[in-house]
Amino acid sequence: MVAMPDSSPGSPLPEGGTVRPITRWGADVMHRVQEPVTEFDEALETLVADMVATMYAAEGVGLAACQIGVDRQVFVFDCPDETGTSYRGVVCNPVVYLPEGKERRLDDDDEGCLSYPGAFVPCPRPDFAEVVGQGLDGSAVRHSGTGLLARCLQHESDHCHGTVFGDRLPRRAFKKLQKQHDAAAAEFPEGWPATAPPAESALVHD
Ligand SMILES: [Zn+2]
């Protein structure tokens with residue numbers, strides 16, 4: 001993934017983090033409502049920097065804390081909208097607002113998840129989303145977008161609430177997803193995208 005220039009819209013993402021192994025669907029932490037973020041401290045900044053490093057290493061457009069095994073409601077994104085402009089940001093304690101009534105149009109583009117890698121199927125979702133929450137310093141943030149960005153904001157907020165996109169798929173689509181995932185398993189060995197297995201110290205916190 002090409003690094004975004006500093007002028008790209010949205011809030012800057014912390015750098016210098018460590019690439020961590022990605023947690024997969026099936027791990028308990030992925031399937032429960034995450035703990036809200038209440039302390040906007042250095043530990044949060046370190047966690048978010050690791051999430052950013054891991055997202056880029058995995059060539060993703062978004063990543064939630066539970067995807068590196070941490071039970072906190074926070075996600076990062078660096079994702080293009082329907083015009084191709086990339087937006088980036090950090091959202092703690094996200095709440096999503098979606099269009100209703102006549103404003104609500106579904107987009108059924110393909111969706112995939114770094115925690116179920118190598119598989120993509122269409123997943124209908126509203127074509128616009130707005131998310132409000134808090135930034136790294138605890139101040140209020142609001143992000144909205146169209147296209148892949150709308151999908152990403154919904155997908156990552158879902159992670160913070162224990163929902164994976166497989167939960168939103170009809171049975172047949174889920175089976176198709178499962179087949180692709182299983183066929184690609186060798187490309188995504190345990191520990192991916194970290195190059196070395198996690199040190200023991202990395203396993204004990206959170
Ligand atoms: Zn995901």
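Here is the figure for the range 32-63: residues that are out of contact with any Cys (no Cβ under 6 Å at 6 or more places or on another chain) and either within 16 Å of the ligand (Cβ to nearest atom) or in a loop (DSSP other than H, G, I, E, B) (or both) total 18. Restricting the first member to the range 91-105 and to residues that are surrounded by 16 or more Cβ atoms within 10 Å (Cβ to Cβ), and the second to residues that are acidic (Asp, Glu) and modelled with pLDDT under 95, no beta-carbon pair is closer than 8 Å while six or more apart or on different chains. Report every pair of residues separated by at least 6 positions or lying on different chains whose Cβ atoms are under 6 Å apart, first residue within the range 14-31 and assigned to a loop (DSSP other than H, G, I, E, B), second of a type in the set (Phe, Trp, Tyr). Filtered contacts from the range 14-31: Trp25/Tyr116. Return the pairs, sorted by first residue and then second, in which the second residue is more than 11 Å from the ligand (Cβ to nearest atom) and in a loop (DSSP other than H, G, I, E, B), the first residue lies in the range 113-135 and is under 14 Å from Leu153 (Cα atoms) and of a type in the set (Phe, Trp, Tyr), the beta carbons are less than 6 Å apart, and the residues are 6+ apart or on different chains. That search, which allows pairs on different chains as well, returns Phe128/Pro99. If you check Glu187, Glu156 for being more than 21 Å from Ala64 (Cα to Cα), charged (D, E, K, R), touching a strand residue (DSSP E or B) at 6+ places or on another chain (Cβ under 7 Å) and touching a residue at least 60 places away in the same chain (Cβ under 8 Å), only one passes: Glu187. Filtering the range 64-90 to residues that are in a loop (DSSP other than H, G, I, E, B), on the phi < 0 side of the Ramachandran plot and not hydrophobic (A, V, I, L, M, F, W, C) leaves Asp71, Arg72, Gln73, Asp81, Glu82, Thr83, Thr85. Considering only residues in the range 163-172 that are in a helix (DSSP H, G or I) and buried (at least 17 other Cβ atoms within 10 Å of the Cβ), the one that is farthest from the chain's Cα centre (by Cα) turns out to be Gly166.
Please find, among Ser115, Ser86, the residue that is within 16 Å of the ligand (Cβ to nearest atom) and out of contact with any His (no Cβ under 7 Å at 6 or more places or on another chain).
Details: Ser86 fails: within 16 Å of the ligand (Cβ to nearest atom).
Going through Ser115, Ser86 in turn, just one is within 16 Å of the ligand (Cβ to nearest atom) and out of contact with any His (no Cβ under 7 Å at 6 or more places or on another chain): Ser115.
Tell me whether the range 150-169 contains one or more residues that are modelled with pLDDT of 95 or more and away from the ligand (no atom under 16 Å from the Cβ). Taking every residue of the range 150-169 in turn, none turns out to be modelled with pLDDT of 95 or more and away from the ligand (no atom under 16 Å from the Cβ). Among the conditions (1) more than 26 Å from Lys176 (Cβ to Cβ); (2) touching a Leu at 6+ places or on another chain (Cβ under 8 Å), Asp41 misses just one, which is (2).
The values are calculated or read from the model by the stated rules, or taken from the named source; none is laboratory data. On a predicted model such as this, the values are computed, not experimentally measured, just so you know. Virtual Cβ from ideal backbone geometry, glycine too; neighbours counted across all protein chains shown.
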